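As structure tokens, the structure follows; a few thoughts come after it.
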Amino acid sequence: MSKIVTMIAPVNIAVIKYWGKRDEELILPLNDSVSATLDTNVMCAKTSVCARPEFFENEIWLNGKKESFTNQRLENCLHEIQARAADEKSVSVEFLSWKVHVCSVNNFPTAAGLASSAAGYACLVSALAKLYKVKSDVSSIARLGSGSACRSVYGGFVRWHAGVNHDGSDSVASQIADASHWPEMRALILVVGETKKKISSTSGMRISVQTSELLKHRIEYCVPLRTEEIIKTIREKNFAKFAEITMKDSNQFHAICLDSYPPIVYMTDVSHYIIELVHKYNKTCGEIKVAYTFDAGPNACLYLLDKEVPKVVSLLKYAFPTSNSEFITGLSVQAEELTGDELT
Ligand code: ADP
Ligand code: DP6
Ligand code: CO
């Protein structure tokens, strides 16, 4: 007797970056963040979860390699889903006692600054919710796995409200607009480096919170205004202003990394070259047509409108003649887009 569920979930790339926690255990951020959720059919995590009475322990395989399940975040997600299932009486007490095996693969580089933790935990939690027939919203459980994961549960443009409550009850993600609102929006992912980052996002932001003066300034004086402004640009479909805020926020986030002590360097010379190319391109166009943003890694995400894609791809092919790394993706429509197969 066993039950298996397989789900896929998308990455999301922030335009206002989350960087810094006020609570490490509950994963409560210091600032609001805003992101776009990308198409699952281009970049996704795919996760199968299986419960069986014969399983002796909870186990996880990530990209074919066995990892330790004694990871507090995995355990918190599983326990929270099981607690919801017990509350909702959605499965039998016996089923709740069975151990779980998890098998997940990402079809893009893991731990390289392309939001694998967001897709990975959104996927894991969605699969577990389906396995345990949990009906209530799972975004806040995904947040317990990785903060950015709470945004990948929704499609289109998403805001994660930092909240003020100690228990995290108001630290929730909500959709600003679904993908159909701005169907011309595209993301172009440029893989600069596939290797695992030396400093995880979790450790990096901890160092920044402890040591960066600039981080305090950002949280108090920059993010609140930027968040409202960028939401307005999304609602009004004002690409040039959206792009400007996106680039400034990425730059500020990496400035905070450098302001941390010891400094954290996620971008490489190639990342900086991409920044230079984008600014040159926009200058030649006479208006902002492309935005870059970099998460905690060297890889670029360019936001642009669909009509710009052929020109920008040709420019990139000219600048990087031996590279064929780009993923072109639109935005995903809804969280319900997560597709599931159930085998009993
Ligand atoms: P990224 O920039 O890719 O999000 P992070 O440093 O935030 O990098 O997180 C990487 C970690 O996220 C991995 O080391 C792993 O623990 C976890 N992770 C990544 N993908 C998955 C997945 N598909 N399922 C479960 N956990 C994942
Ligand atoms: C730069 O969500 O990966 O990508 O909550 O510790 O798992 P943890 O960190 P994570 O941090 C993401 C940082 C970022 C910006 C963002 O996605 O908002
Ligand atoms: Co991450």
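The values are calculated or read from the model by the stated rules, or taken from the named source; none is laboratory data. Source: prediction; values computed, not measured. Note: ideal-geometry Cβ built from the backbone for every residue, glycine included; neighbour counts use all protein chains shown.
General remarks:
- Just one residue in the set E276, E287 is in contact (Cβ under 8 Å) with a residue 24 or more places away in the chain and surrounded by fewer than 19 Cβ atoms within 10 Å (Cβ to Cβ); that residue is E287.
Yes/no per residue for (1) free of Cβ contacts under 8 Å to residues at least 60 places away in the same chain; (2) of a type in the set (A, V, I, L, M); (3) in contact with a Leu (Cβ under 9 Å, 6 or more places away or on another chain):
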| residue | (1), (2), (3) |
| --- | --- |
| T202 | yes, no, no |
| S208 | no, no, yes |
| T211 | yes, no, no |
| R226 | no, no, no |
| I230 | no, yes, no |
| N238 | yes, no, no |
| A243 | no, yes, yes |
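- The listed residue being under 19 Å from the mean Cα position of the chain (by Cα) and either at negative phi or of a type in the set (F, W, Y) (or both), out of R206, R218: R206
- Scanning the range 112-147 for residues that are within 14 Å of ligand 2 (Cβ to nearest atom) and of a type in the set (A, V, I, L, M) turns up A112, L114, A115, A118, A119, A122, L124, V125, I141, A142, L144.
- Given (1) crowded, with 18+ Cβ neighbours inside 10 Å; (2) within 26 Å of P29 (Cβ to Cβ), index of the condition A83 fails: (1)
- Selection of helices (runs of 4 or more DSSP H) fully inside the range 190-252 by the criterion of at least 2 residues being within 13 Å of ligand 2 (Cβ to nearest atom) returns 201-211, 223-236.
- Test for I234: is it in contact (Cβ under 8 Å) with a residue 60 or more places away in the chain, surrounded by 14 or more Cβ atoms within 10 Å (Cβ to Cβ), farther than 16 Å from A300 by Cα and touching a strand residue (DSSP E or B) at 6+ places or on another chain (Cβ under 9 Å): yes
- Across the range 153-176, a minimum of one residue is classified as basic (K, R) and under 30 Å from S271 (Cβ atoms).
- Filter result for N41 (within 20 Å of the chain's Cα centre (by Cα), closer than 26 Å to M205 by Cβ, more than 13 Å from ligand 1 (Cβ to nearest atom) and not in a strand (DSSP E or B)): no
- Any hit, the range 29-46, residues being touching a Gly at 6+ places or on another chain (Cβ under 8 Å) and surrounded by fewer than 17 Cβ atoms within 10 Å (Cβ to Cβ): no
- Pick from the range 282-324, criterion within 16 Å of ligand 1 (Cβ to nearest atom) and either assigned to a loop (DSSP other than H, G, I, E, B) or of a type in the set (D, E, K, R) (or both), ranking: nearest to the chain's Cα centre (by Cα): D295
- Residues that are farther than 25 Å from F69 by Cβ, more than 16 Å from ligand 3 (Cβ to nearest atom) and of a type outside the set (D, E, K, R), drawn from the range 35-58: T40, N41, V42
- Considering only residues in the range 91-117 that are within 16 Å of ligand 3 (Cβ to nearest atom) and assigned to a strand (DSSP E or B), the one that is farthest from M43 (Cα to Cα) turns out to be S104.
- For the range 161-186, a residue qualifies if it is within 16 Å of ligand 3 (Cβ to nearest atom) and over 20 Å from C44 (Cβ atoms), but none of them does.
- The selection criterion, being in contact (Cβ under 8 Å) with a residue 40 or more places away in the chain, buried (at least 22 other Cβ atoms within 10 Å of the Cβ) and either closer than 16 Å to A119 by Cα or not hydrophobic (A, V, I, L, M, F, W, C) (or both), does not hold for C103.
- Identity of the residue in the range 288-299, hydrophobic (A, V, I, L, M, F, W, C) and within 16 Å of ligand 3 (Cβ to nearest atom), that ends up farthest from A36 (Cα to Cα): A296
- Residues (within 24 Å of H166 (Cβ to Cβ), within 11 Å of ligand 2 (Cβ to nearest atom) and assigned to a loop (DSSP other than H, G, I, E, B)) located in the range 1-38: K17, Y18, W19, G20, E24, L26, I27, N31, D32
- Restricting attention to the range 256-271 and to residues that are in a helix (DSSP H, G or I) and away from ligand 2 (no atom under 13 Å from the Cβ), the residue that is nearest to S200 (Cα to Cα) turns out to be L258.
- Hits in the range 55-71 (condition: modelled with pLDDT of 95 or more, closer than 22 Å to F95 by Cα and more than 10 Å from ligand 1 (Cβ to nearest atom)): F55, F56, E57, N58, E59
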